[in-house]
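The values are calculated or read from the model by the stated rules, or taken from the named source; none is laboratory data. Small disclaimer: the values here were computed from a predicted structure and weren't measured. Quick reminder, even Gly has a Cβ in these numbers, built from the backbone with ideal geometry, and neighbours come from all protein chains shown. Heads up: the accessible areas ignore ligands, DNA and RNA and are worked out on the full protein's heavy atoms, side chains in. Shrake-Rupley method; radii C 1.70, N 1.55, O 1.52, S 1.80 Å.
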Amino acid sequence: MNPIRRALLSVSDKTGLLELAKNLAAQNVELIASGGTAKALTEAGLKVTAVETLSGKGEAFNGRMKTISFEIASSLLFRRQDENDVRQAAELGIEPIDLVVVNLYPFHATLQKQAGFEECIENIDIGGPTLLRAGAKNFHSVTVLCDPSQYSEFLKEFNGNNGSTTWEFRQKCAAAVYTMTAFYDMAIAGFLTQNSGAALRYGENPHQKAVVLKDPFADGLAHAKSLQGKEMSYNNYLDADFALKTLQDVHRWQGEKALPAAVVVKHNTPCGMAVAETPLRALEKAWKGDEKSSFGGIIALNVPVTEDIAAFFAEKFVEVILAPSFTEGAREKLKKNCRVMEVSLKPNPSMQVRSIEGGLLLQDADGFDLSHMKTVTQKQVSPEQQRLAAFAMLAVKNLKSNAIALCRQDGPEFELLTMGSGQTNRIDCIEKLITSRLADKGITDLTGVVLASDAFFPFADSIQVSAKLGVQTIIQPGGSVKDPEVIAEADRLGVSMIFTGRRHFLH
């Protein structure tokens, strides 16, 4: 427990302020406040210590300077458990501040009302984030509240623990601070980027504004420069990122002696994927995965683009080509409106971020691991077929759920023969998509082909329709309560099946 003896309050939103301050004062907590906050508390009859008493200086520059000072920051940052910090604080005359209550200038609201540029700039808070982040960093000793919605829970904690807070509560509040300041800074970065002329042409559709914010702590596609062609659009970035990540998966899976690999992506879904003995063969096989969809797609290659490869695109339209490098001759042969980008094949693992209404979802990137792969049927899978099964699982990992991939091998070469993705059930993937696409390609013999599913088969019917097509080998995660029935049906139909123990949903 950490007792609260001194609190710093500086808020633009006064909601709940007086109730909070009166509860603090009732337990003899010293209230330190700035500007309008100090005025509101004083008018309510509360005793207030002005921030300038600590900083030694009053407000300046029309309110731009209020709470930033060595003295106040030190009161938040010095470690109460560190003897040297405590001794130095005493020598400097620094007394600890145990609670920070700050909410920021309403930058988002200023944007929403479409205020002028200068008004937006003046609503960028500097002192507030500094105080919050300083207190949050030292959450072992300091409680930070960044939103009025936290006051009720804080008062329960504070009053229920005799004027103290628990470590768990302080850590929770610290996480809220860094989340809030991240969103706050993102809005500012987007506003300034857009107004600096660095915005994308538009978002997913022409009426949507968009920018790309580059992570300064990482490299990757956002930092790659287009060597030629039109500027990258929002959709180009989305598809190119998917193509690059899929290619990196394939390249890493091959190991040190990687053969040429190619990936074709359309509308954020791989529609072609191949590994072959020559770059041109890999590109041709990947393109034939779905020739209709490949038109206007994004191409990613793990080898330098030469004139021979560039000649492949002479009569084809593609939006973007990604590769480790491009020869001058290749760039001359490629159409001038084709975007050309040099990219690294070394993946840069990072948190995956998706936006939802009012927030973001974060998760680890989906890793590929077949270390627990095992054959679960009477009919075994040969080592050669296991290699193809691994490629098929890699392919389906990068397809939108529910997904099915059919892959074929020819010696050292692998290709995504066809696929079905984005369906609400797996039967539709096979019966409506896989079957029709095989018919379009005139493929009737599936000898040696492996079928992969991104998640378990909940019923034996998927085995039945797969076997009806001629599939004899299946790889899937397993994990259904009906696994025994599914395995029994595979045994009855003479189908071999591998379980991996790892699902690969992609929404």
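Taken across the range 108-115, residues that are β-branched (Val, Ile, Thr) and in contact with a Pro (Cβ under 9 Å, 6 or more places away or on another chain) do not occur at all.
A count restricted to the range 225-282 and to residues that are free of Cβ contacts under 8 Å to residues at least 24 places away in the same chain and closer than 30 Å to Pro206 by Cβ stands at 1.
Here the range 134-163 is the region considered, the condition is being farther than 22 Å from Leu18 by Cβ and open to solvent by less than 30 Å² (accessible area, probe 1.4 Å), and the residue that is nearest to the chain's Cα centre (by Cα) is Ala136. All told, Thr37 falls short of being within 16 Å of Val102 (Cα to Cα), assigned to a loop (DSSP other than H, G, I, E, B) and under 41 Å from the mean Cα position of the chain (by Cα). Scanning the range 42-93 for residues that are in a loop (DSSP other than H, G, I, E, B), under 22 Å from Gly163 (Cα atoms) and of a type in the set (Val, Ile, Thr) yields a count of 1. Residues of the range 53-107 that are without any contact (Cβ under 8 Å) to a residue 24 or more places away in the chain, over 27 Å from Asn123 (Cα atoms) and among the charged types (D, E, K, R): Asp82, Glu83, Asp85, Arg87, Glu91.
Residue-by-condition table, conditions (1) of a type outside the set (Asp, Glu); (2) open to solvent by 70 Å² or more (accessible area, probe 1.4 Å); (3) not in a helix (DSSP H, G or I):
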residue: Met393; (1), (2), (3): yes, no, no
residue: Lys400; (1), (2), (3): yes, no, yes
residue: Leu406; (1), (2), (3): yes, no, yes
residue: Asp445; (1), (2), (3): no, yes, yes
residue: Ala452; (1), (2), (3): yes, no, yes
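If I filter the range 108-133 down to residues being in contact (Cβ under 8 Å) with a residue 60 or more places away in the chain and of a type in the set (Gly, Ala, Ser), which single residue comes out as surrounded by the most Cβ atoms within 10 Å (Cβ to Cβ)? Out of the qualifying residues, it is Gly128. The criterion of at least 2 residues that are open to solvent by less than 50 Å² (accessible area, probe 1.4 Å) and among the hydrophobic types (A, V, I, L, M, F, W, C) is met, among strands (runs of 3 or more DSSP E) falling completely within the range 275-357, by 297-301, 318-323, 339-342.
Being assigned to a strand (DSSP E or B), open to solvent by 30 Å² or more (accessible area, probe 1.4 Å) and not hydrophobic (A, V, I, L, M, F, W, C), is that true of even one residue in the range 6-29? So far as the range 6-29 goes, no, none of its residues is assigned to a strand (DSSP E or B), open to solvent by 30 Å² or more (accessible area, probe 1.4 Å) and not hydrophobic (A, V, I, L, M, F, W, C).
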